[in-house]
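K.L.:
Please find one structure pasted underneath; my questions will follow.
The values are calculated or read from the model by the stated rules, or taken from the named source; none is laboratory data. None of these values were measured; they are calculated from a predicted model. Heads up, the Cβs are rebuilt from the backbone with ideal geometry, glycines too, and the neighbour counts pull from every protein chain shown. Ligands, DNA and RNA are stripped out before the accessible areas are found, and what is left, the full protein with its side chains, is counted by its heavy atoms. Shrake-Rupley method; radii C 1.70, N 1.55, O 1.52, S 1.80 Å.
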Amino acid sequence: MEQIIPEAAAPRVYLETYGCQMNVADSETVSAVLRRAGFTIARRPEDADVILLNTCAIREHAEERIIGRLSDLARLKSAHPRLKLGLLGCMAQHNRAALVERAPWLDLVAGPDSYRRLPELIGRVAEFDPAVDVRLDRGETYADISPDYAAGVRAYVTAMRGCDRFCTFCVVPYVRGRERSVPPDAILREVEELAARGVKEIVLLGQTVNAYRFDATDFGVLLRLIARIAGIERIRFTSPHPCDMTDSVIDAMAAESKVQPYLHLPVQSGSDRVLAAMQRGYTVREYRELVERVRAAIPDLALSTDIIVGFHGEEERDFGATLELMRAVRYDSAFSFKYSVRENTRAYRLGDSVNEAEKGRRLNEVIALQEGLSLERNRVLIGREFPVLVEGPARRGVGMLAGKTPQFKTAIFPAAGDVAPGATVSVRIESATGHSLTGSIV
Ligand code: SAM
Ligand code: SF4
């Protein structure tokens with residue numbers, strides 16, 4: 001039941017988001033739910049009646065950061081006793097009992113499937129201490145709620161929620177619940193509205209986004225349907241799972257010019273032994289064959305990945321195999337993480353055989369190797385021209401603009417004439433680092 005609040009009494013809510021792009025997208029949904037119920041959105045915590053942190057539970061470090069932030073906000077609350085503090089998202093779902101113990105000043109705890117009930121829950125804060133709603137709901141897709149998208153040329157649209165894969169290290173299936181896909185008509189309606197507002201690029205989101213299926217619409221079909229929408233120039237998606245990289249998806253990527261030649265394909269480890277212990281569902285050989293298939297189908301493909309170092313039982317030779325795989329695949333970029341034991345996961349009971357210092361050493365080696373590979377991959381692009389979708393001023397450099405190439409590489413170039421965000425310009429690359437390309441409009 002939606003609770004409508006008269007405008008004069010409209011409480012102001014400040015939303016702070018941690019973690020992945022799914023969380024950013026969820027915060028945009030939360031903002032829409034609250035505004036629909038009569039709340040206003042505050043720009044600063046100091047201006048708010050309610051502060052909500054949308055949290056991440058993927059690694060212990062993420063949780064510690066949020067606990068630290070909560071302590072800061074507790075001080076603000078003691079100066080303003082009427083201020084309400086709430087925790088949303090994965091961490092709220094993950095360890096609500098421990099949380100309430102560590103942060104007794106919390107007024108509200110709500111999991112990722114409870115956002116529709118937030119207005120009501122905020123209203124109940126005075127009754128319950130804290131007000132908690134962490135019911136997971138395998139039917140919840142928020143399909144009828146149009147999120148408050150951030151302004152920009154790119155919008156992130158949730159295609160599916162939850163995850164059914166249960167990789168042994170990962171907390172996502174427990175905190176985000178079972179896999180479910182948003183009906184395609186809701187996605188298409190959303191994308192049409194975004195196109196009408198001038199958005200040029202759509203990023204489809206899901207924990208295993210290519211497992212998308214709604215009746216006869218699989219992910220390949222969804223990509224093709226979105227490609228038909230006038231005004232949308234670029235389509236991307238994250239994160240696909242290697243096991244769900246079907247011919248339907250690869251064919252759609254190859255056939256639809258709007259689907260960009262960039263794939264984030266998390267591998268996690270280059271050792272079959274470790275992959276089996278992680279229950280990832282593929283071997284190194286199968287993964288490499290997949291990479292070959294995708295590269296053969298999509299010329300100029302850029303490839304990135306996720307790597308975990310120091311998983312329980314990872315020995316030096318397993319780690320060596322990960323470095324070897326990185327050299328063989330030659331990723332354009334990689335996100336690498338030290339294994340963090342998560343309560344409730346299948347690997348929790350196994351233990352944590354690699355010590356922190358050793359995890360640190362392995363992580364540094366992965367980062368150093370990838371920096372070299374990224375630089376090599378980018379240097380060969382010098383002299384080539386790419387269509388760059390202009391996003392806005394570059395972070396550094398007066399008079400410089402920034403945007404992305406189709407391969408999702410950042411390109412920086414001097415502003416020229418009336419080139420504005422949303423335009424696509426052809427940029428010739430003149431220099432490269434591991435992180436960006438610099439050039440000029442041709
Ligand atoms: N669903 C995506 C997939 O399977 O490829 C990944 C989603 S997860 C939010 C992003 C990344 O976090 C994973 O690919 C993995 O590398 C990392 N990750 C997940 N659980 C972790 C853990 N317990 N410790 C360290 N890194 C972890
Ligand atoms: Fe976690 Fe594995 Fe699901 Fe990715 S596929 S969200 S790593 S359980």
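K.L.:
In nm², what is the average projected area of the convex hull enclosing the Cα atoms of the stretch 312-381?
P.N.:
5.2
K.L.:
I'd like the carbon and sulfur percentage of the solvent accessible area for the stretch 36-186, probe radius 1.4 Å, heavy atoms only, ligands and nucleic acids excluded.
P.N.:
50
K.L.:
May I ask you to evaluate 6.51 cos²θ - 1.76 cosθ + 1.60, the Karplus curve with θ = phi - 60°, for each residue of the stretch 258-274 and list the ³J(HN,Hα) values in order in whole Hz, giving x for glycine and proline?
P.N.:
Karplus-based 3J(HN,Hα) across the stretch 258-274 equals 6, 6, 6, x, 9, 9, 9, 10, x, 10, 6, 7, x, 10, 4, 4, 5 Hz.
K.L.:
Sorted by packing (mean other beta-carbon atoms within 10 Å per residue), highest first, where do 152-164, 217-229, 69-81 land? Mind dumping the intermediate values first?
P.N.:
Details: 152-164: 21.2, 217-229: 19.6, 69-81: 13.2.
Per-residue Cβ counts within 10 Å, averaged per peptide and sorted highest first, yield 152-164, 217-229, 69-81.
K.L.:
Determine the principal axes of the Cα atoms in the stretch 1-154, then give the extent along each, sorted from largest to smallest and rounded to whole angstroms.
P.N.:
35, 35, 31
K.L.:
Could you pull out every residue, at least 5 positions away or on a different chain, whose amide H is within less than 5 Å of the one on residue 354? Hs are placed 1.01 Å off N in the peptide plane, and Pro or chain starts have none.
P.N.:
313
K.L.:
From the backbone phi of the stretch 133-144, what are the Karplus-calculated ³J(HN,Hα) couplings (6.51 cos²θ - 1.76 cosθ + 1.60, θ = phi - 60°) in whole Hz, Gly and Pro given as x?
P.N.:
Once θ is set to phi - 60°, the couplings for the stretch 133-144 become 9, 10, 5, 8, 9, 5, x, 7, 10, 6, 4, 8 Hz.
K.L.:
If you don't mind, another one. May I ask for the distance between the Cα centers of the stretch 324-399 and the stretch 139-162, given as a whole number of Å?
P.N.:
27
K.L.:
At 1.4 Å probe radius, can you tell me the per residue accessible area of the chain in Å²?
P.N.:
On the way: 19420 Å² over 442 residues.
Normalised by residue count, the accessible surface of the chain is 44 Å².
K.L.:
Beyond 19 Å, what percent of the Cα pairs of the stretch 312-442 remain?
P.N.:
For the stretch 312-442, the share of Cα pairs beyond 19 Å comes to 60 percent.
K.L.:
Hey, in the GNM for the chain with a 10 angstrom Cα cutoff, which one of 123, 399, 320 fluctuates hardest?
P.N.:
399
K.L.:
Ok, one more. When Lys and Arg each count +1 and Asp and Glu each count -1, what net charge do the other residues less than 15 Å away from residue 379, Cβ to Cβ, add up to?
P.N.:
Values: positive: 330, 377, 384, 409, 428; negative: 332, 371, 376, 430.
Surrounding charge for residue 379 is +1.
K.L.:
As a test of understanding, state the convex hull volume per residue of the stretch 1-92 from its alpha carbons, in Å³.
P.N.:
Details: hull volume 9.0 nm³, N = 92.
For the stretch 1-92, the hull spanned by Cα atoms encloses 97 Å³ per residue.
K.L.:
Taking the Cα centre of the stretch 93-184 as origin, work out the dipole magnitude from +1 charges on Lys and Arg Cβ and -1 charges on Asp and Glu Cβ, in debye rounded to 20.
P.N.:
In debye, rounded to 20, the stretch 93-184 gives about 380.
K.L.:
Under 5 Å between amide H atoms, partner at least 5 residues away or on a different chain: which partners does residue 346 have, H built in plane at 1.01 Å?
P.N.:
Those qualifying (amide H under 5 Å, at least 5 residues apart or on another chain) are 170.
K.L.:
In debye, nearest 20: dipole of the chain around its Cα centre with unit charges on the Cβ of K, R (+) and D, E (-)?
P.N.:
Working: 58 positive and 60 negative charges, 95 e Å.
I would put it at about 460 debye.
K.L.:
Just want the answer: with Cβ charges of +1 for Lys and Arg and -1 for Asp and Glu, which residue in 402, 357, 381 is farthest toward the dipole's positive end in the stretch 349-404?
P.N.:
402
K.L.:
Can I ask one more? Can you give the Rg and Dmax of the chain based on its C-alpha atoms, in angstrom?
P.N.:
Taking only Cα atoms of the chain, I get Rg and Dmax of 22.5, 66 Å.
K.L.:
If you take all C-alpha pairs in the stretch 100-259, what percent of them are over 29 Å apart?
P.N.:
On the way: 3561 of 12720 pairs.
The share of Cα pairs beyond 29 Å in the stretch 100-259 comes to 28 percent.
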